[in-house]
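Student: Sharing a structure, written as structure tokens. Questions coming.
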Amino acid sequence: MKLPRPKLARQIGTVRVRYVRNAGAGGLEEIGMRQLLNALRRIKRVPDDRQANVLIHLREKVQ
């Protein structure tokens, strides 16, 4: 079975959106945690805020 290829990256305003394939199966309860982990992984690229502020916000979400 051949998996579909992810869509090409797209520029929306000043933000570059890249589509990635979901590597694991999971329910709706895992979506929030995956979003937090992605934000942490790309913390240097979060637009319009300093890394320290983003880290504080992510820490509050995890707690």
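Student: Residue pairs, Cβ under 7 Å, 6 or more apart or interchain, first in region 47-63 and without any contact (Cβ under 8 Å) to a residue 24 or more places away in the chain, second surrounded by 10 or more Cβ atoms within 10 Å (Cβ to Cβ) and in a loop (DSSP other than H, G, I, E, B). List them.
Tutor: Correct list of pairs: VAL54/VAL46.
Student: Still on this structure: Take the residues in region 17-34 that are touching a helix residue (DSSP H, G or I) at 6+ places or on another chain (Cβ under 9 Å) and surrounded by 10 or more Cβ atoms within 10 Å (Cβ to Cβ); name whichever of them is modelled with the lowest pLDDT.
Tutor: If we take residues in region 17-34 being touching a helix residue (DSSP H, G or I) at 6+ places or on another chain (Cβ under 9 Å) and surrounded by 10 or more Cβ atoms within 10 Å (Cβ to Cβ), then GLY26 is modelled with the lowest pLDDT.
The values are calculated or read from the model by the stated rules, or taken from the named source; none is laboratory data. Model, not experiment: these values are computed from the prediction. Reconstructed Cβ throughout: ideal geometry from the backbone, glycine too, with neighbour counts over all protein chains shown.
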